[in-house]
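Below is one structure, written out as structure tokens; comments come after it.
The values are calculated or read from the model by the stated rules, or taken from the named source; none is laboratory data. None of these values were measured; they are calculated from a predicted model. Cβ placement follows ideal geometry from the backbone for every residue including glycine, while neighbour counts extend to all protein chains displayed. In case anyone asks, the SASA skips ligands and DNA or RNA and just uses the protein heavy atoms, side chains included. Shrake-Rupley method; radii C 1.70, N 1.55, O 1.52, S 1.80 Å.
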Amino acid sequence: MSSRRIGLAAAGSLTRQHPFPSPCARCQWRRTLSTTCARRGPRTEKPAAGASMDPQSEIAGPAIEAPRSYGKRYDGVFTPKPLPRPIGMPLPPRAGENTGIDDRTREQRKKDFADWDKHLARRKELTAQLSRPYFRDWNNLKYHDGKSFIAPPRLFKAEFSLFFPNLYGQTLLKDDKAPRDTTPLLTGKASVVSIFSSQWAEAQTDSFTSAAANPELQAILKQHGGGSGDGGDGPAQVVRVNYEDNAGKAWLVRMFMGSLRRRFPEHEWERYLLVRRGITDHIRECIGLLNGKVGYTYLVDQHCRVRWAASGNASAEERDGLNRGLVRLVDGIRAEARLPATAREPVPGRKAIKDLAEKRAADKAEATT
């Protein structure tokens, strides 16, 4: 009887010391999985988000006459033509736009899941994406190596120029791998922006910006503080955007970022961005990014307005136009800096531009009726 009491007392002491049994391997695996999921990064937008069957219908003004990855296949002889109008977004960019991150709350997702209209809109996006031939952009390279349009000989007038969109991507910096927006990077400077998605397209943009192809541009950048000979703190700079929406290719680019860092001086690492998503069909149509396999070069002023644009390989006239335009923008920035704040060029905000566009649309509708 005494031995039985001793056994019960020992069992009770063990229970008090270990009130919960040790978890099994399956419970430990589930706990680790839940913790890992909680640390996962922000939810990205769904595939094919932003695709459209007819992006041209959303653009005001004449469309650019060039082959596209959507719509009817282009047959016949194509000759690149000058841009028919200033290109760009109708509203000024803001940091945080076009990130490709789904920032909806859980309640908003549940509400959107029950919204039939949003299901129909999502169905249209998927239909637009699936209906596009995969090799259409590759086939369009047979037309002048993919050149979509000819660059203008002079800058677009500031009062008629449209805006460069905000893009969001990772830079080459070692100590700061957080993605950044392009709007703070472009504001206040005259920027030559190159957008490409492959080595073929990068070689096309290099025909505008490299020292071998355009030594005059490098001399301008060195003179105005954006070249490799100084810290790059002047009003002129070159920004490179490597857009890669394929997850596998983007992973390879990240793997070889060390080789990219060796190609550029350290002060240019923050001006090389790897952008994964956020460029919708509407943005492509607005800024003339009509072929995903071709490189495009833009000249953006201190207010993020697109003042000049080119596509494909550079011609001698286009390189001269880029150099003259960059010098003119730099001179304008320095002349504006010497003026008092009240005498500087006013740049209308998003609300003013939106109200003006609505007023013009109402006047046009009233005139037609």
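Here are a few things to note about the model shown:
- Remark: the His144-Trp251 segment gains 35.4 nm on full extension, using 0.36 nm per residue and subtracting the alpha carbon distance.
- Stretched out straight at 0.36 nm per residue, the stretch from Glu266 to Arg123 would grow longer than its current Cα-Cα span by 47.0 nm.
- Here the Karplus relation 6.51 cos²θ - 1.76 cosθ + 1.60, evaluated at θ = phi - 60°, turns the backbone of the stretch 292-298 into coupling constants of x, 9, 10, x, 10, 10, 10 Hz, with x for every Gly and Pro.
- Rounded to the nearest 10 square angstrom, Val327 shows an accessible area of 50 square angstrom against a 1.4 Å probe.
- Calculated FRET value between His282 and Lys177, using beta carbons and R₀ = 30 Å, to 0.05: 0.55
- Close amide H contacts of Asn166 (hydrogens built in the peptide plane, cut-off under 5 Å, sequence separation of 5 or more or a different chain): Arg94.
- Calculated FRET value between Ser259 and Glu317, using beta carbons and R₀ = 41 Å, to 0.05: 0.75
- In this simple spin-label model, placing a label point 7 Å from the Cα along the Cα-to-Cβ direction at both Leu339 and Ile101 gives a separation of 3.7 nm.
- Sequence of Trp138, Trp251, Trp269 when ordered by accessible area, the most exposed leading, probe 1.4 angstrom: Trp251, Trp138, Trp269
- In this structure the amide hydrogen of Val238, modeled in the peptide plane, comes within under 5 Å of the amide hydrogens of Val192, none closer than 5 places in sequence on its chain.
- Area projected by the alpha carbon convex hull of the stretch 148-367, averaged over all directions, nm²: 13.8 nm²
- Projected label distance in nm at Gln223 and Arg94, using a 7 Å step from Cα toward the beta-carbon: 3.9 nm
- Shown are Thr368, Thr187, Thr297, whose ranking by accessible area with a 1.4 Å probe and every protein chain present, most to least, is Thr368, Thr187, Thr297.
- His119 - accessible surface, heavy atoms, 1.4 Å probe, Å² rounded to 10: 70 Å²
- Computed with a 1.4 Å probe on the full set of protein chains, the accessible area for Lys118 sits at about 100 Å².
- Computed P(r) (all Cα pairs; the stretch 236-369; 5 Å bins; percent): 2, 7, 11, 14, 16, 16, 14, 9, 6, 3, 1, 1, 0
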